[in-house]
Structures are given as structure tokens and as C-alpha cells.
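The structure appears below as C-alpha cells.
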Ligand code: AMP
Ligand code: ZN
């Protein structure tokens, strides 16, 4: 680790960039909220997962020993993201006329196939909410014992008003409790079980129709959505850990409630650095399943969507996202994606050119400064767009050396090669997919080859659900897979 530039991380809690100082170096605990597996992940979700993939990769590059935990939400996330409405997974199970756990399996498998496609590194632990019901009940008991929750008719609610008298509820999201207070009376008149508008369910009584439900000291019910992350992050990373991430839209209520639950149960906010990735938008509106403006990975890589002018490879998309700061919104645009496609091609071509360069006795170029600049921008809160800009300065340098206008020594050439491999492939996680142009069918052929490979791997592991999901989703896009003993081929029919 270079002593000159300490890593700085923007902490959403203090709203400042802070020098990163792990609780127990060289170990780092990193938790990020994973998907709710009731449908396929869309491109917006992928952007957030990519943000924390970069955090994980760069911390690892700095020689930290990172324990990366990303959960799977397989129960408790209701349709309104709060306490009202049906569980998203149960609703989907009803619509597809299958078991909720089949929905969970199907979309978890699909999620894993997608993360492979976008080269997202697997977390060290991927815990599920349903696998931690006992711990969730224990946490509710601690919150009740400490007086920050109350039971009503088989449900348990977190007492925000009581909590806010002693602690700063709203410290993460900046929401003011006074503003919430004004809405209280109105809401209570509606016969709500809650004492206060901002109270939230940590255990919800199950209806007769509910399929996924568990016994508890308060009767048969389901844990509240926010509880799983409080429980699983601290179970695997300790009562106090380094980094908690998620999308900006989770700051409130999800993460604000996580803090309240942990403080209510154990007296501490467990997280040292809260990090939030900003949203992918379409014409300025957040990409979201419910708004109908989302693209699925398959739509993107086949180009089969009204908003897409062509197909884009997963690496083009990855590069497109990395050209923006993770704290800024990114608006979807065909122009920007096409530019990313060209940019990535230029970068990869320069790496190829490096292999052809013949070194001289001396260097007329300054390789060390370039390397230091890339490290410095990454250490400035993982600033990937600036890092990529430096890499492009280096591309110019590589091309002028190749043209014979500048010289490079053998030592510097090896350093430069190492630098480009480390930054492009290990830290930015890009992959050489061959020809990234779309002037012919080459990228589609390669992508389909990749998808068929993933499907074959699933079949080898007897993971029939993923294999079938891939086949069925391709079918929806008019792509048929034909399996024979020796190989699988594909056909596209309009
Ligand atoms: P969900 O499956 O809805 O719980 O979301 C999984 C992750 O994707 C969360 O961290 C969300 O904050 C994030 N997310 C959802 N929509 C978007 C979007 N349009 N852009 C970026 N991240 C998003
Ligand atoms: Zn979470």
C-alpha cells in the first residue's frame, strides 16, 4: 500500500470524504444489500452491484483481506417497500402458480448467471433471510427488552418516537422526525396498528393465506424486511464492521431502520462507513421494474428492446457505468453506450499494442507518474471515470511509442504492461471479449457462446433451473437453443 495517498471514502453518514481506517486491519468487512429474488435483476440493479464489486476489487488490490457479504432477500420485502401489501415473492409465486421457494431458486440462479455475465466477483458469504429467522427473532427480543418496540395483535413494531427521543433517527437520510410527526394524527385516524406514523414492522403477523411464515413468541408471522440486513451483516462481520453499501434508494427507510434496529438491540450503529451508489435513470427517471422502464440483461445483449438501437456486450455496459462516478446518476443513452463500446475497444487495442512494442535503452515517457495518477484517483473514493481518463492518456502514450515518436525502456515497458493488466482486468474487472465492434455479428456470436457456456456449466452441475431459465428467456427473445449430444447451437428467428 502506497503511504503517500491514503484511501478516502465518502461516508454517507458524515457526508464527508474520510480517510479509510479499518476497524481491524488488514481485515475489512464489506456488506452490501443483495437482490430481492422475485424477478430478474435489471440494469439498474447491476449498476449498484458493480459499484461494490469495484470497492471489493480495489480494497483487495490494496492488500486488504476483505470479507464480502451480499445477501439474498428471499422473504419479507413487501410490495410497498414498507409494511403494507403482499410479499413480493409470494405475489410472484401466485402469478406463476408455483411455490415461493421455486421463485426464490429460479431468480437466484438467474441472478448468479447475470453476475457471471457482467464479471462480478462472487461474495465470500451470500446469506439468505429465510436462513436467519432464529437470529431475527432474537434481535426482536432484544429490541423489545430494551423498550424500543411494542407488540400489537401478533405484530411487533419499532417505536421510532421513543427511539428518536434518545437517538438521532434520520441521521443517515437527513429526514426530520418533526416532519414525520405532523403526519401522525392523520395516519392513526385510519385505524393503523402503529402508534406513530414512522414506526415500522419488525415482525408482521401472517395471514391464513401466507405460505412463508414462522412460529415466534408473538405468534405465526414474518420478519420485517429491514431486520435481515441488521442480523446478517453483524452475524458475519461483527457488532461493528467497516463498510455497508447499497443503492441510494435504500438510504430510507431500509438503512435508516437498520441503524435504529442495531442501536435499539445492541446500543451501537455497527457501520463505520456507509456507501451509497447512485441510480441508473431512463430519461431522468429511476430505472425500476414497477415503472416499466427497465432492461433485462438478455434484452441488452440481444438488442431486443424498443429503446435499444443495437445490442451491447456486458463489458461495454460495464465500461459505460465505470465512466461515471458511482455517486452520480447515469442516464441511459444509446450514444453513450456506443461511445463506451468504441472507448473500450481503443483501450483493449492499446493493451494489445503493448505486446508489439520493442523497448529502447531509455524512456522518453513518464510511466511512474501515470501509474501514480491512476492509484490516486482510485484512492479518491474509487473515482473510476478519472482513472479511465488517465488510462486513455496512457493509450495516447502507447500509440506514440508504437509510432516511434517516443521511446520506452524494457523496465518501464514491463511496468506499463503490468499496470494496464492490473487496472483494466483486475481492478475495473473488464474482460477481453475479442472484437467489440457491432459492424458484424461477431460480438453476438461470442456473447451467445458465453451464454451457452454458462448454460452448459449449469447442466454439468445439474442446475436444471438455471439451464431452463436461460433457454426460456432466450425463447422469449426469439432465440432457440438446440441441444445435441456433442454441442448446443442457437438460432434467431424474427
Ligand atoms: P432490490 O432487488 O430492489 O432490493 O435492489 C437491489 C439493489 O439494486 C439495491 O441496492 C437497490 O438500491 C439497487 N437499485 C434498484 N434500482 C436501481 C437503479 N435504477 N439504479 C441503480 N441501482 C438500483
Ligand atoms: Zn439490506
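The values are calculated or read from the model by the stated rules, or taken from the named source; none is laboratory data. All figures in this text were calculated on a predicted structure; none of them were measured in a lab. So basically every Cβ, Gly included, is an ideal-geometry build from the backbone, and we count neighbours across all protein chains shown.
Structural remarks
- Count of residues meeting criterion [at pLDDT 80 or above and part of a strand (DSSP E or B)] in the range 469-482: 3
- Counted residues, the range 215-248 - those being more than 16 Å from ligand 1 (Cβ to nearest atom), surrounded by 17 or more Cβ atoms within 10 Å (Cβ to Cβ) and under 17 Å from residue 75 (Cβ atoms): 5
- Scanning the range 191-221 for residues that are assigned to a strand (DSSP E or B) and closer than 17 Å to residue 253 by Cβ yields a total of 5.
- Of all residues in the range 7-43, those satisfying the criterion of being out of contact with any helix residue (DSSP H, G or I) (no Cβ under 9 Å at 6 or more places or on another chain) and closer than 29 Å to residue 315 by Cα are 10, 11.
- Tallying residues that are without any contact (Cβ under 8 Å) to a residue 40 or more places away in the chain and farther than 30 Å from residue 40 by Cβ within the range 114-137 yields 1.
- Screening 29, 34, 44 for residues that are closer than 30 Å to residue 473 by Cα and not in a helix (DSSP H, G or I) leaves exactly one candidate, 34.
- Search result, residues across the range 347-384 that are surrounded by 15 or more Cβ atoms within 10 Å (Cβ to Cβ) and either in the same structural domain as residue 53 (by TED's automatic domain parsing) or closer than 22 Å to residue 312 by Cα (or both): 347, 348, 350, 351, 384
- Residue count, the range 392-422 (criterion: in a helix (DSSP H, G or I), closer than 17 Å to residue 366 by Cβ and out of contact with any helix residue (DSSP H, G or I) (no Cβ under 6 Å at 6 or more places or on another chain)): 12
- Condition met for residue 36 (closer than 21 Å to residue 236 by Cβ, touching a residue at least 40 places away in the same chain (Cβ under 8 Å) and within 11 Å of the chain's Cα centre (by Cα)): no
Results for (1) outside any strand (DSSP E or B); (2) under 30 Å from residue 255 (Cα atoms); (3) under 17 Å from the mean Cα position of the chain (by Cα), shown as yes or no for each residue.
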| site | (1), (2), (3) |
| --- | --- |
| 269 | yes, yes, no |
| 276 | no, yes, yes |
| 298 | yes, no, no |
| 306 | yes, no, no |
| 324 | yes, yes, yes |
| 328 | yes, yes, yes |
| 346 | yes, no, no |
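- Criterion (within 16 Å of ligand 2 (Cβ to nearest atom) and outside any loop (DSSP other than H, G, I, E, B)) met by exactly one of 10, 68: 68
- Within the option set 432, 441, being under 24 Å from the mean Cα position of the chain (by Cα), modelled with pLDDT under 85 and loosely packed, with under 14 Cβ neighbours inside 10 Å holds for one residue only, 432.
- Residue count for the range 251-274 under the criterion of being within 14 Å of ligand 2 (Cβ to nearest atom) and in contact with a helix residue (DSSP H, G or I) (Cβ under 9 Å, 6 or more places away or on another chain): the result is 13.
- Qualifying position, being within 15 Å of ligand 1 (Cβ to nearest atom) and without any contact (Cβ under 8 Å) to a residue 12 or more places away in the chain, among 285, 281: 285
- Number of positions in the range 67-87 that are crowded, with 23+ Cβ neighbours inside 10 Å and over 16 Å from residue 33 (Cα atoms): 1
- Considered as a group, the residues in the range 330-342 that are in contact with a strand residue (DSSP E or B) (Cβ under 7 Å, 6 or more places away or on another chain) and not in a loop (DSSP other than H, G, I, E, B) include one that is nearest to residue 48 (Cα to Cα), and that residue is 330.
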